[in-house]
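Student: If you scroll down you'll find the structure; I have some questions about it.
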Amino acid sequence: MYLSQVTSLVGGSKTSGARSAAQELRARGISVANFAAGELDFAPPAEVVAATERALRADTNRYTDTAGIAELREALSVRTTRLGGPQYPASEFMLTTGAKHGLFLACLALLDPGDEALIPSPHWGTFAAQVAMVRGRPVLVETSGSGFVPEVALLEAARTDRTRMLILNSPNNPTGAVYSQETLQEITSWAVVNDVWIVFDECYRELVEDGVHAAHPVSLVPQARDRVVSVNSFSKSFAVTGWRAGYVYGPPSVVSAMKHLQSHTTSHVSSVLQHGLLPAAQGMADGFQEEVRITLARRRGMVARALDAMPGLSYRMPQGAFYFFVDVSGLLGGTVCGQEVCTTEDLVSVLMRESHVGLTPGSAFGSATHVRLSYAIEDEEIAAGLERMAKVVADAG
Ligand code: PLP
């Protein structure tokens, strides 16, 4: 059967494997610690749930503006600045079906076939897939030698006359890195000088450790305003990954082009959700976010202490998001529970089988030496899972 060429360029998301393995074990009554999930284990804030219920019963059943209802864009404009981000008017915001669709629209709006997009790697796999889907060329820039930060020298070495875009993600999935102001300033200035678009994915912006500030390129380099498209989401900040609501803001001409593209694809974010998420954008759920931050800080400490006691593993302390990106090269090439472990996939499958722990192999993010561990799961699950994992790792030879 003939399928379009683009279907051969991308496979499905590689981060869902552990979910199915965990479901299978749980169906057999086995307790599993699934550290592979990329979402918070919280219910959404009560204010948001109540507003969504009200919206269902109110007169919200019609199409909205493609960019989203004005009150929500207004609230996002105020919130973005209030949380230390740059100032953009409501007219330069657009609601999208998750950050994912916002990122895709940015690729559609900014890349022509053959254009190159630089992607610091390890990276969230969807970035490269979306560039490929619009017939661009994803160019991975390896950052494991520079603390998972894409230094300008690395970007410059990868730049060609086809380089159109740089996709930045800070706080970062999968590494937990948050780019410092100095680094981000240097990168942004480099992009301006070289006429490179920055697509700035700040989905985890509100999930940073105490004392860490997630900087924004436009706050640091105001001349970059015409060169940066920002992409954010309600998914991670408000525990509503399944609802599919995100937003973009950027130069009016780009947002307007993205609006045209959105008008012919998804039309707009569900009208019910737009009304339901209004209290979140207006800051009424800030208490919920504080609770999430405190919980994540506690869990980060639990994981760090457990990993410190496991031989063969090392990590950089995450500063944001909710992932440890653990270097497991000390275990590769040996055996674990009598089984040869050559790749991160081998290790992940042994750990699932022997310790009922779900992790995501680094290969999902372009790394042959790391695994990703999410700490957005319950404390008891973390404690029990890491105890079982420690026993298995201790048996490595
Ligand atoms: N960007 C990054 C870096 C992510 O990790 C994810 C989800 O895991 C997304 C975007 C997608 O977010 P959304 O649920 O808003 O589409």
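Student: Test of understanding: extend the Cα→C-beta vector of Glu378 to 7 Å, then name every residue of the stretch 282-315 with backbone N under 17 Å from that spot.
Tutor: Backbone N within reach: 295-296, 299.
Student: Taking the alpha-carbon centroid of each part, what is the distance from the stretch 182-203 to the stretch 302-351 in angstrom?
Tutor: Taking the Cα centre of the stretch 302-351 as reference, the centre of the stretch 182-203 is 32 Å away.
Student: For a Förster distance of 41 Å, can you work out the FRET efficiency between the beta-carbons of Leu9 and Glu387, rounded to the nearest 0.05?
Tutor: Plugging the Cβ-Cβ distance into 1/(1 + (r/R0)^6) gives 0.45.
Student: For a label point 7 Å from the Cα of Arg305 along Cα→C-beta, name the residues of the stretch 382-397 whose backbone N is under 20 Å from it.
Tutor: In the stretch 382-397, the label zone of Arg305 (backbone N under 20 Å from the point 7 Å along Cα→Cβ) covers 382-394.
Student: Okay, moving on. When only alpha-carbon atoms count, how far does the stretch 38-126 stretch along each of its three principal axes, as whole angstroms with the largest first?
Tutor: 48, 33, 29
Student: Tell me, in nm to one decimal, what length is gained between Arg82 and Ser263 on full extension, where the rule is 0.36 nm per residue of separation less the Cα-Cα distance?
Tutor: This chain segment gains 62.2 nm when fully extended.
Student: Tell me, what is the FRET efficiency for Arg28 and Glu290 to the nearest 0.05, using R0 = 45 angstrom and their Cβ-Cβ distance as r?
Tutor: 0.70
Student: Would you order Cys342, Cys337 from fewest to most other beta-carbon atoms within 10 Å of each residue's own beta-carbon?
Tutor: Placing the least packed residue first, the sequence is Cys342, Cys337.
Student: What is the fewest-to-most order of Met165, Met310, Met317, Met1 by other Cβ atoms lying within 10 Å of their Cβ?
Tutor: Final ranking by Cβ density, sparse to dense: Met1, Met317, Met310, Met165.
Student: Where is the GNM fluctuation largest for the chain (alpha-carbon springs, 10 angstrom cutoff): Pro174, Pro89, Pro45?
Tutor: Answer for the Gaussian network model of the chain: Pro89.
Student: Now for a different question. Quick one: what does P(r) look like for the stretch 219-346 with 5 Å bins over all Cα pairs, in whole %?
Tutor: 2, 8, 12, 12, 13, 13, 12, 10, 9, 7, 3, 0
Student: Once all Cα-Cα distances of the chain are split into 20 Å bins that start at 0, what whole-number percent is in each one?
Tutor: 27, 57, 15, 0
Student: Please work out how many pairs of lysine residues in the chain are eight or more positions apart (or on different chains) and have Cα atoms closer than 24 angstrom.
Tutor: Pairs that pass both the separation and distance tests number 5.
Student: Report the gain in length on full extension from Ala46 to Met1: 0.36 nm times residue separation, minus Cα-Cα distance, nm rounded to one decimal.
Tutor: Taking 0.36 nm per residue and subtracting the Cα distance, the gain is 11.4 nm.
Student: Can you work out the FRET efficiency for the pair Val152 and Met317, with r the C-beta to C-beta distance and R0 = 22 Å, to the nearest 0.05?
Tutor: Calculated value: 0.35.
Laboratory data are not the source of any read-out in this text; all were calculated from the coordinates shown. All values reported here derive from a predicted model rather than from experimental measurement. Using ideal geometry, Cβ is built from the backbone for each residue, glycine included, and neighbour counts are taken over all protein chains shown.
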